Structures are given as structure tokens and as C-alpha cells.
Amino acid sequence: MVCTGNAARSPMAAAMLRSLDPEDQLDVRSAGVLAVEGQPLGVRTRSALARHGLADYSHRSQQLNADDAAAADLVVVMEPMHLMWIRRELPSLSPITGSLRRLARDLVALERPICDVDATTASASDLRRRVSALGLGQLELEPWEEVIDPDSGNQDAFDRCADELHLLVTQLHRRL
């Protein structure tokens, strides 16, 4: 999950996705494209998460980097600027980077295996195939894809953002 400063949207989305994955089958990380490293979540972000029964006391903001790129099967961004930054700074991520809104809508849902043998390996390779089929590296983000940054807004702006993220992350999780 990627946002600008790794202070609101991406940590909230990451916490929400982790909460939907109680068996820890997903390696969910968050980072920012212009992050000041090492900052904990602010009061408004923590309060917005708490409204959804979530907390992330260990979060420290971090900058998206080449190590993240090497480990990723899918990168989820919140707005067009994030995609432009990734295409410029970490172009290897372009084919696996899409907006949360687009992925929640367009990623083809996983066909569940009949048996659990090698299910983790099969689903990781299946995710790469399904993401590749979207042609994300050639798509331009459209205005409808942006999740508005609550930035320096009041608590209500953070709460609305968390509510929107919760809906989108739940939709994405069903497709993963």
C-alpha cells in the first residue's frame, strides 16, 4: 500500500487488509513516495482506525524503495502522483502498480484451489498472472481512481477516508 507520506491512507489500508487476513497469508506492507521516515501514526489516523476496531502501534513511516520493489507482487497506490513517481523512480514496479479503486473493481478474483497442497505458492503465482492481465504498466490513472488524502483536515476528513478505504480494501481482499 502506497500513499504520499505513509502517514494516513497507506497505513490505514494496510492495517485493514491485515485484519482481513487473520491467517497471515498476505505480506502486507505500506510506504510513501515522499515519506519522512520513522514517524508514528498521528492522532487523527489512529482515531479513524479505531472507529473500525483497528490499531497499528508499531507503524513507523517509511519511504518506498528498491527493496520493497524486489519483494512486491502487487503495489496499490492511492492517486495518480504516486503512479507517476513509481514509474519515474522505480520503473520495475510499473507493471504491478494500480490504484486501490481500479484493483478493487477490475482484478479478477482468485479461483480457489480444490485442495490446500501448495496453495500459497499457487496463489502467489496466480496473483502475478491476474495482475499482469490488467496491463497496469500501460494504463493512466483516471480522476475517479483517487482516494482523497485527508492531509491536514479535521477528524471528519480522516474518518471519511477510513470509511472509504475500508470499503475498497474489503472489495480488494475478496479479489486477492
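The values are calculated or read from the model by the stated rules, or taken from the named source; none is laboratory data. Just so it is clear, the structure is predicted and the values come from calculations on it, not from any experiment. Ideal geometry is used to build each Cβ from the backbone, glycine not excepted, and the neighbour counts take in all protein chains shown.
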Check: If you go through segment 61-83 one residue at a time, do you hit one that is without any contact (Cβ under 8 Å) to a residue 24 or more places away in the chain, among the small types (G, A, S), farther than 20 Å from D156 by Cβ and in a helix (DSSP H, G or I)?
Finding: yes
Check: Within segment 106-125, is even one residue at pLDDT 95 or above and either assigned to a helix (DSSP H, G or I) or within 22 Å of A35 (Cβ to Cβ) (or both)?
Finding: yes
Next item on the list: Tell me which residues, restricted to segment 27-41, are in a loop (DSSP other than H, G, I, E, B) and surrounded by 14 or more Cβ atoms within 10 Å (Cβ to Cβ).
Entry: V28, R29, S30, V33, A35, Q39, P40, L41
Margin query: Would you confirm, using the coordinates I've provided, whether D56 is surrounded by 15 or more Cβ atoms within 10 Å (Cβ to Cβ), of a type in the set (D, E) and in contact with a helix residue (DSSP H, G or I) (Cβ under 8 Å, 6 or more places away or on another chain)?
Written below: yes
Item checked: Evaluation of R46 against (1) of a type outside the set (A, V, I, L, M, F, W, C); (2) surrounded by 14 or more Cβ atoms within 10 Å (Cβ to Cβ); (3) in a loop (DSSP other than H, G, I, E, B) (one fails), failing number -> (3)
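Residue-wise test of (1) modelled with pLDDT of 95 or more; (2) among the small types (G, A, S); (3) farther than 20 Å from P150 by Cβ.
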site: L41; (1), (2), (3): yes, no, no
site: A50; (1), (2), (3): yes, yes, no
site: A66; (1), (2), (3): no, yes, yes
site: D73; (1), (2), (3): no, no, yes
site: R88; (1), (2), (3): yes, no, yes
Note to self: Yes or no: segment 4-15 includes at least one residue that is of a type in the set (S, T, Y), within 21 Å of R130 (Cα to Cα), touching an Asp or Glu at 6+ places or on another chain (Cβ under 9 Å) and at pLDDT 95 or above.
What the structure shows: no
Item checked: Unique match (being in contact with a helix residue (DSSP H, G or I) (Cβ under 9 Å, 6 or more places away or on another chain), closer than 19 Å to L93 by Cβ and either free of Cβ contacts under 8 Å to residues at least 24 places away in the same chain or of a type in the set (A, V, I, L, M, F, W, C) (or both)) among L49, L26 -> L26
Next item on the list: Could you tell me whether L20 is in contact with a His (Cβ under 6 Å, 6 or more places away or on another chain) and farther than 17 Å from R128 by Cα?
Entry: yes
Check: Could you give every pair whose Cβ atoms fall below 8 Å, whose first residue belongs to segment 89-108 and is within 12 Å of R130 (Cα to Cα) and in contact (Cβ under 8 Å) with a residue 24 or more places away in the chain, and whose second residue is of a type in the set (K, R) and assigned to a helix (DSSP H, G or I), counting only separations of at least 6 or pairs across chains?
Finding: I96/R128; L103/R175; L107/R130; L107/R175; V108/R130; V108/R175
